[in-house]
1. Count charges around A:Asn438 for me, please; just the other residues with Cβ under 9 Å from its Cβ, Lys/Arg as +1, Asp/Glu as -1.
2. Which ³J(HN,Hα) values in Hz, rounded to whole numbers, follow from the phi angles of the stretch B:111-118 under the Karplus curve 6.51 cos²θ - 1.76 cosθ + 1.60, where θ = phi - 60° and Gly and Pro get x?
3. Specify whether the C-alpha gyration tensor of the protein assembly as shown places it in the rounded, prolate or oblate class, a ≥ b ≥ c being the square roots of the eigenvalues: rounded for a/c under 1.5, otherwise prolate if a/b is larger than b/c and oblate if not.
4. Going by C-beta contacts inside 10 Å, put A:Thr40, A:Thr55, B:Thr13, A:Thr426 in order with the fewest on the left.
5. For A:Lys348, give me every one of the lysines with a C-alpha distance below 19 angstrom, ignoring sequence neighbours fewer than eight places off in its own chain.
6. Treating the beta-carbon of each Lys and Arg as +1 and of each Asp and Glu as -1, no other charges, what is the dipole magnitude of chain A about its Cα centre, to the nearest 20 debye?
7. Is chain A rounded, prolate or oblate when judged by the Cα gyration tensor, a ≥ b ≥ c being the square roots of its eigenvalues, rounded requiring a/c under 1.5 and prolate requiring a/b larger than b/c?
8. Going 7 Å from Cα along the Cα-Cβ axis for the label, what nanometre distances separate B:Arg171 from the same residue across the other copies?
There are 2 protein chains.
Amino acid sequence: MLHPVILSGGSGTRLWPLSRQNQPKQFLSLIGDHSLFQETVLRANALPDAQPPITVCADDHRFMVGEQLQAIGVRSGGILLEPVARSTAPAIAAAALHALAGDPDALLLVMPADHLIEDEAAFREAVSAARRLGDEHWLVAFGIRPDYAETGYGYILRGAALGEDSYRIERFVEKPDLATAQRYLDEGTYAWNSGMFLFRARSYLDELAQRAPAIHAAARAAFDAAHADLDFLRLDADAFAASPSDSIDYAVMEKTDRAAVVPVSCGWSDIGSWSSLWSVAQRDADGNRHEGDVISVDTRDSLVRASDRRMIATLGVEDLVIVDTADATLVARKDRVQDVKIIVDQLKAAGRTEHLFHRKVYRPWGSYDSIGVGPRFQVKKIVVKPGAALSLQKHEHRAEHWIVVSGVAEVTCDERVFELRENESTYIPRGSVHRLRNRGSEPVELIEVQSGGYLGEDDIVRLEDVYGRS
Amino acid sequence: MLHPVILSGGSGTRLWPLSRQNQPKQFLSLIGDHSLFQETVLRANALPDAQPPITVCADDHRFMVGEQLQAIGVRSGGILLEPVARSTAPAIAAAALHALAGDPDALLLVMPADHLIEDEAAFREAVSAARRLGDEHWLVAFGIRPDYAETGYGYILRGAALGEDSYRIERFVEKPDLATAQRYLDEGTYAWNSGMFLFRARSYLDELAQRAPAIHAAARAAFDAAHADLDFLRLDADAFAASPSDSIDYAVMEKTDRAAVVPVSCGWSDIGSWSSLWSVAQRDADGNRHEGDVISVDTRDSLVRASDRRMIATLGVEDLVIVDTADATLVARKDRVQDVKIIVDQLKAAGRTEHLFHRKVYRPWGSYDSIGVGPRFQVKKIVVKPGAALSLQKHEHRAEHWIVVSGVAEVTCDERVFELRENESTYIPRGSVHRLRNRGSEPVELIEVQSGGYLGEDDIVRLEDVYGRS
């Protein structure tokens, strides 16, 4: 059976200001309504014989993974939490062990969560070809047939044919310079290394044990000592941290004798920057891609993305990327967007937070958005999902007013427990032990006005929490 | 005595999105802390022998004029409200009649409210020269000595000398083409028509009666039938509307035999566009002008203006104007900003409001800002000035929750009148007659959460209003 393994550990900021450390690229809806993670899951799910996907992600992103799976109605095959980032080799090993526990013949389809594939039929065909090789104990890399001389990717040179459009891997080569990339393109025997792989779980672990025993041992130990936490499987922190940090490419694929490649043309992109998003997106006759409320006059070849409740007007510009969010706007020349990391580095150095999280923050119970702030007060819009509850908590420094604008909230305030309906309000004094719960079937939306001398998120004492955060 | 007349009737949108119909350029702080209107008033006020300034403005802007005068502690010499825009000739006539009522020998210094003058000493010297001519019944235009071949202004050609650096006007000439403007610059006898004038009120009215009797008669009738409204003098609407719409230049200055010009170099600009603001503003070593929270990387010769609580990051761009506001952001090539009117026209055609007003709306009692909105609710931050009161009012369709975050509010809700202090809240049911008042000496800040099926600003029945709006 085919077990998709969704590698969702990335925390890139190359799509800042839309991507943030706590909401990286894979969880954003960049093209269409679904996030790249959701698209990846749905793509895997549509394959014949596909089992529920196994996701490997960072602790910070666990609730987002759970919610995004739920939103598309896909049953999870397990959410494995990496205690620290150790690149792809140990992450895939943990997923392999997890799959083997239920299916001794498990075939793994490894897919980074943040890639775009436009031609799903071509992809499915490639997977079929790869499965035939996987069954024969080959470790298969999906190679993307290059359609231009890209210098930003690693390449795979194919060797002897193993079947129709499948080959031994002759060797992996590093990112080439432009002349070399052009030669690779002309020769027709090179493909981009997509980061997608297919193999038997058993084959991968055997090769890993032989080629990178320290990684294998660490992943094994981390998996054996893992503990379940709600819907998540927490890999053991110390054991996992002991693993060398290495990619599947270096640790296994470049060393094994059983490496194969299936070349494919499937409209693949890793959307590594705003300009690559622009180049894969549908554009209007002037070459513009607009998202949201945009008025553009004499504007060409630009990507313009407005955010909620705000419009962007452009006039006489070209080759720009303009991305607006609640707290930050980027205006960049399209051919310079790879340097957005310079801005992120400046934010880090200045101790700012615009690279870490959005103004609207997702929590396992819903979300909050700081819509207004001033000396000694803050206004938040809070949404509590049906069935969800915030922790039982208290604050040392702030009092809170809650006004329900939709839904029915159950409020605990010290000894009292009562319902608060649309257009009703209550007051939570400083130091009161309180909880907000939604027992209804519709989301609860409420406005919270905080007041006090200190209003930081860290002024919270959690006494009980259904999400294991207390 | 010298009576400054501040013409504040402009409603330009050339600085959109910062300027809006209800908050035009003259009321914005573009350079420094004061608005252009305030700068103009302070400049006039610093002249020897200056009387309190007479302001002519549109009805919509009356409270803003009053407040901005109060904020700089300048006593008003009268705020005349134009019922409709009829250009400068009748507006100045009304101001002349107003000045004459208290001072039969009144000298008027006419100044548009939205110009910048960097060299105040040079300006004062020019006013002195102009006063000598004004006393001799000349109608004096201030001519700006050109320092480049500008094609966007009208020019004044000087004739015979009347004294040191003062001349008869030979003629007014329209905006020239570039070659002609260059010739004007080279010849040294042309000056830009600044729109600033000095003359006796009597001289102006006499000339107007002779050269444009219909304007004179309409202004006279509108002034005679004017009525006082709080601090404002409301010119009679029907009478004023009967005036031809004409500028002082066409109606009087080009026709009178008593036209004089005083040329001056005083760092004057009419800030007619974002690019002219950039060119007069202080810039950093890369040629950039930044306002607010801006991070700029490899950016040159650009004007970047961030708004409250939001940052703008620029990367690899040049010659751009980027202006952010709460509800709209403009990104334009600097040499195209005169076409911002195309965007404003599109907003008008689409029935939108981003050209009319900002999200934060000023009222005579303070301000409100719609900080959050959703189906059936809206959150506003409301500030009530010390001593101010909202109207006694009720709403058909919405209830309101008020939470005071600073200051002490006096609340009327049907029969009850009570104080609401920091961190206290109250509820105003739908249909209740209510009022909010600040009897303290500090501003009251409160968060209002409205709920109901209809939340438009027009759901208000004003039963009493200290600002004459009921």
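Here, each number is a calculation from the coordinates, and none is a lab measurement. Values in this document were obtained by computation on a predicted structure and should not be read as measured data. We place every Cβ from the backbone using ideal geometry, glycine too, and count neighbours over all the protein chains shown.
1. Neighbour charge sum, excluding A:Asn438 itself: +1.
2. Residue by residue, the stretch B:111-118 yields 9, x, 6, 10, 9, 10, 10, 8 Hz.
3. oblate
4. The most exposed by this proxy come first: A:Thr426, B:Thr13, A:Thr40, A:Thr55.
5. Straight-line reach from A:Lys348, under 19 Å: A:Lys25.
6. Here the size comes out at about 720 debye.
7. Oblate.
8. Shortest to longest, the spacings are 8.4 nm.
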